[in-house]
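See below for the structure under consideration.
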Amino acid sequence: MRYLGVSRDELYSPNRAEGDSAVFRAVALELERRGNQVISMTEKELVSKGIPCDIDGIFQMARSREALNVLKTASVPVTNSVWGVRNCGRSAQVGLLGGPVIIPDTVAAPITILPEGWRNYPCWLKRGDSHAIEQDDVQFIREYGQLMASIRGFAERGIKQYVIQAHVKGWVVKFYGVRGYGLTDCYAASAENGKFGLERYNDQSDQASVDFKALTDLAEQAAKMLEVEIYGGDAVVGPDGEITFIDFNDWPSFRTCTVGAAQKIADLIISKNR
């Protein structure tokens, strides 16, 4: 088989460019090890050159609107799908997750609408049109005046949508998975291993533990709801063990389990051509 791999632009990999590149290369090498041919392109190359001819499948980490629009025209299986990537956008996932997948009280709105009735503090303000690109794209908010000032700051930067999410007490667990194959790893997050150190606002447990099966089942359900296959995210584990999802991402870095993840991702990609 002949596969096209589309890597992620560094703009969408703040403090994670090396990890994103590593898992992308690992998947390409695993496909080649199994006798397949892989052509690699960046998001920008895909936009300028288009999808090559005679491709049997595509695996991709793109997030730019331009690259996703090109991938929408593909006539072969695409992993992750354009719809899955878009559904993982912060504003989109708020409306799609629910039921057994618990998320905090959340409001998603255009930047032109102010959250006059929001009274749940502390909380988090997040840009809604994409995942975090800069540190100020996610902010811990303690009171109304700070919230209004931060929303104005978003508007001045040209951000069109925002998400406000209630703060959840507990410690943060980061997880990585491949839909249909379960989680490849999860671990307790800390300010030291986070993108921007924002985990310092959550509890830091010396004896962190989570029901791995429960986390796996919920993550797989969330991935199905969002129609995303290669996924990761952050969840808060409360004092009573309850799992609350605070973020869900398309194709994370798999920084603690690159090799094992690449094998499962390759299995998934190949299965679509059987």
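Taken together, the values in this text are just the output of simple stated rules run on the coordinates, not laboratory data. On a predicted model such as this, the values are computed, not experimentally measured, just so you know. Because the Cβ atoms are built from the backbone with ideal geometry, glycine has one as well, and the counts that use them run over all protein chains shown.
Things to note:
- Listed by Cβ neighbour count within 10 Å, with the fewest neighbours leading, 7, 75 appear as 75, 7.
- Here the residues 54, 211, ranked from fewest to most Cβ neighbours within 10 Å of their Cβ, fall in the order 54, 211.
- On the beta carbon distance between residue 146 and residue 48, with R0 = 41 Å, the FRET formula returns roughly 0.45.
- Gaussian network model of the chain, Cα within-10 Å springs - most flexible of 74, 223, 188: 74
- D_trans [Stokes-Einstein, Kirkwood Rh over alpha-carbon pairs] for the chain, 4 °C, 1.567 mPa s, µm² s⁻¹: 67
- Residue 66-residue 213 FRET efficiency (beta carbon distance; Förster radius 35 Å; 0.05 resolution): 0.30
- Counting only DSSP H runs of at least 4 residues, each contributing -39500 (n - 2.57), and dividing by the residue count of the chain, the helix-based mean residue ellipticity at 222 nm comes to -9500 deg cm²/dmol.
- GNM top mover of 22, 219, 261 - the chain, alpha-carbon springs below 10 Å: 22
- Counting beta carbons within 10 Å around each of 186, 257, 123, 88 and listing the fewest first gives the order 257, 186, 123, 88.
- With all pairs of different C-alpha atoms in the average, the Kirkwood value for the hydrodynamic radius of the range 106-166 is 11.2 Å.
- Separation of the residue 135 and residue 40 label points, Cα + 7 Å toward Cβ, nm: 3.0
- Which listed pairs, of 160/264; 44/126; 174/272; 44/264; 126/272; 49/160, have C-alpha distances above 31 Å, in listed order: 160/264; 126/272
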